[in-house]
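Just below is one structure, and these are the notes that go with it.
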Amino acid sequence: MSSFASSLLCLQEGAEPVMQMTCRDRNRIALQSDLLGAAALGIKNVLCLSGDHQRFGNQKEAKNVYDIDSIQELQIFRTMRDEKTVWGGDKLEQAPNVFLGATENPFADPLEFRVMRLGKKITAGAEFIQTQAVFDIERFERWMSDVRERGLDRKAHILAGVVPLKSLGAAKYMKTKVPGMVIPDSTIERIRAVGDVKSEGVKMCVEKIEQIKSIKGVHGVHIMAIAWEEIVPEIVQKTGLYPRPNV
């Protein structure tokens with residue numbers, strides 16, 4: 001289902017969605033049109049993505065677009081909101097009321113480039129950042145150290161991605177098949193050694209969130225319960241994130 005449609009359904013159910021907008025599938029005209037439509041319907045949070053190349057999926061014959069990249073997308077959307085101007089220079093009668101976000105992967109090499117790219121996204125307009133799933137906490141801490149050194153944690157809300165592992169097969173697949181995903185061998189061995197994988201997966205996710213809480217500059221977590229959405233309430237309750245803390 002399109003992110004536009006699923007975001008609208010979430011909104012109708014009383015949830016506040018984050019709509020994903022990828023440059024892989026639409027050109028700049030369609031992206032701007034979708035942003036105006038989403039804002040008109042009350043969708044406020046927009047995650048700007050370049051999008052994974054179709055060769056990583058099971059429809060490799062599909063044609064991608066990539067008219068612009070995610071940094072340009074952020075710039076266009078910010079201009080539409082702050083200056084009420086679209087790419088071609090036409091003025092808008094009403095600016096889209098949106099909160100702009102982007103993604104970043106702390107686990108791709110070289111590490112210095114990832115922090116530099118994060119800075120470009122924030123300069124372009126990103127106000128919140130969702131990271132790739134954090135399994136290697138030491139690498140993530142090094143990345144956050146560089147983020148703090150550049151003061152980027154004070155310019156955008158950084159949400160660390162976490163994934164509860166549902167099975168050994170899922171863990172192996174993410175380790176070997178998912179681009180940009182780093183899962184230490186120790187994590188695989190821990191999952192392999194237990195009888196109740198799901199229970200251990202939740203325990204590991206809760207532990208990871210507790211570790212992330214102590215890292216300065218992280219503003220929250222982004223729980224990616226892949227094909228296991230029903231486990232999210234249990235995780236947020238066990239980590240004390242629900243009921244929502246008064247901060």
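Looking across the range 1-22, the residues that are polar (S, T, N, Q) and surrounded by 13 or more Cβ atoms within 10 Å (Cβ to Cβ) come down to SER3, SER6, SER7, GLN20, THR22. Per the listing ASP146, ASP109, the residue uniquely over 16 Å from the mean Cα position of the chain (by Cα), among the acidic types (Asp, Glu) and closer than 24 Å to MET174 by Cβ is ASP109.
For the range 59-100, a tally of residues being under 22 Å from the mean Cα position of the chain (by Cα), part of a loop (DSSP other than H, G, I, E, B) and over 30 Å from GLU141 (Cβ atoms) returns 8.
Inside the range 215-227, residues that are modelled with pLDDT under 95 and surrounded by 12 or more Cβ atoms within 10 Å (Cβ to Cβ) make up a count of 1. Checking the range 145-155 against the condition returns a match, with at least one residue being touching a residue at least 24 places away in the same chain (Cβ under 8 Å), of a type in the set (Asp, Glu), touching a Lys or Arg at 6+ places or on another chain (Cβ under 9 Å) and farther than 19 Å from LEU47 by Cα.
One line per residue, one yes/no per condition, for (1) among the hydrophobic types (A, V, I, L, M, F, W, C); (2) surrounded by fewer than 21 Cβ atoms within 10 Å (Cβ to Cβ); (3) modelled with pLDDT of 95 or more:
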position	(1), (2), (3)
LYS84	no, yes, yes
GLU93	no, yes, yes
PHE99	yes, yes, yes
THR103	no, no, yes
ALA108	yes, yes, no
MET116	yes, yes, yes
LYS120	no, yes, yes
GLY125	no, no, yes
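Of the residues ILE212, ILE188, the single one that is surrounded by 13 or more Cβ atoms within 10 Å (Cβ to Cβ), on the phi < 0 side of the Ramachandran plot and in contact (Cβ under 8 Å) with a residue 40 or more places away in the chain is ILE212. Residues in the range 11-34 that are more than 18 Å from the chain's Cα centre (by Cα) and in contact (Cβ under 8 Å) with a residue 60 or more places away in the chain: there are none.
Please verify whether THR131 is of a type in the set (Ser, Thr, Tyr), surrounded by 15 or more Cβ atoms within 10 Å (Cβ to Cβ) and without any contact (Cβ under 8 Å) to a residue 60 or more places away in the chain, treating the condition exactly as stated. It is false that THR131 is of a type in the set (Ser, Thr, Tyr), surrounded by 15 or more Cβ atoms within 10 Å (Cβ to Cβ) and without any contact (Cβ under 8 Å) to a residue 60 or more places away in the chain. When LYS63 is tested against (1) farther than 16 Å from THR103 by Cβ; (2) charged (D, E, K, R); (3) in contact (Cβ under 8 Å) with a residue 40 or more places away in the chain, only condition (3) is not met.
Is it the case, given these coordinates, that LEU165 is within 30 Å of MET116 (Cα to Cα) and surrounded by 12 or more Cβ atoms within 10 Å (Cβ to Cβ)?
Working: within 30 Å of MET116 (Cα to Cα): no; surrounded by 12 or more Cβ atoms within 10 Å (Cβ to Cβ): yes.
No, not satisfied.
The values are calculated or read from the model by the stated rules, or taken from the named source; none is laboratory data. Keep in mind it's a predicted model, so treat the numbers as computed, not measured. Cβ sites come from the backbone with ideal geometry, for glycine too, and all protein chains shown count toward neighbours.
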